[in-house]
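Worksheet: the structure to be examined is printed underneath.
Please treat every number below as a calculation from the coordinates, not as lab data. Nothing here was measured: the structure is a model prediction, and the numbers come from that model. Glycine gets a Cβ as well: all are built from the backbone with ideal geometry, and neighbour counts include every protein chain shown.
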Ligand SMILES: Nc1ncnc2c1ncn2[C@@H]1O[C@H](COP(=O)(O)OP(=O)(O)O)[C@@H](O)[C@H]1O
Ligand SMILES: Cc1cn([C@H]2C[C@H](O)[C@@H](COP(=O)(O)OP(=O)(O)O)O2)c(=O)[nH]c1=O
C-alpha cells in the first residue's frame with residue numbers, strides 16, 4: 001500500500017514521518033521515502049527551489065523527472081514486495097504547487113489539470129493520502145519562509161489547489177487538522193495509516 005503525506009510547508013509532515021519511523025505499530029519492513037528525493041534528480045530539484053528566477057515550466061519537469069525515477073527505483077519495487085510505502089510529499093505536491101506557480105502562464109488554461117495530465121499515463125496514484133490541513137499564514141510562519149514557495153499568498157493558492165484535489169477524489173484523502181498539538185496530529189495520522 002502506498003500512503004502519502006501532503007500539506008503546505010510547515011504543516012508538520014516531516015515531524016510525523018520521522019516519528020512513524022520509530023513506531024512499533026508500523027510494520028518493520030515499511031519503506032519511508034520522500035519527494036524531492038535524496039538522489040541527483042532531487043539535487044537538481046533543490047537547485048531549482050533555491051533559484052528565485054527558475055523557469056516554472058522547467059521546474060515542473062525537474063520535479064516530474066525526480067518523481068519518475070522515484071517510482072521506478074523505490075516505490076514500484078517496494079510495492080511489488082507488498083511493503084507499506086510512506087512518502088513525505090508525492091504527486092499531489094506537484095499538482096498543488098506547480099499548479100500554483102504556473103497559474104500566470106498564458107499557455108495553460110488550467111495548470112493543475114495540465115500537471116495531472118502530464119503524470120496520468122505513467123504515475124502510480126497513492127492508495128491513501130493524509131492531508132495536514134493548515135492555514136497559509138501559520139504555514140508561512142512555521143516554515144520560516146526559507147524558500148520562494150513559503151509565502152502566505154502563494155501558499156493560499158496551493159491550499160486552494162489541494163482543496164480541488166480532495167474534492168475530485170474524496171475517498172483517497174484523510175484530512176487532519178494540523179493546528180492541533182503535535183501528539184494529537186501524530187495519533188490521527190497513525191490511525192489513518194495502520
Ligand atoms: N502540530 C504542530 N503544532 C505546532 N508546531 C508544529 C506542529 N507540527 C510541527 N510543528 C513545527 O512546525 C515546523 C515545521 O514542521 P515540519 O514537520 O518540518 O513541517 P513540513 O515537513 O510539513 O514542512 C517545525 O518547527 C515543527 O517543530
Ligand atoms: C515534491 C514537491 C515539492 N515542492 C516544494 C514544496 C516545498 O516548498 C519545497 C521543498 O519540499 P520539502 O523539502 O518537502 O519542504 P517542506 O518540508 O518545507 O514541506 O518544494 C513543489 O513545489 N513541488 C513538488 O512536487
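Highest average first, the peptides 44-53, 147-156, 176-185 ordered by how many other beta carbon atoms sit within 10 Å of their residues are 147-156, 176-185, 44-53.
Mean-square fluctuations from a GNM of the chain, with a 10 angstrom spring cutoff on Cα atoms, peak among 134, 165, 57 at 57.
Highest mean first, the peptides 93-101, 114-122 sorted by other C-beta atoms within 10 Å per residue fall in the order 93-101, 114-122. Put simply, the convex hull of the Cα atoms in the chain casts, on average, a shadow of 10.4 nm². Extension gain for residue 18 to residue 83 (0.36 nm times residue separation, less C-alpha to C-alpha distance): 21.6 nm.
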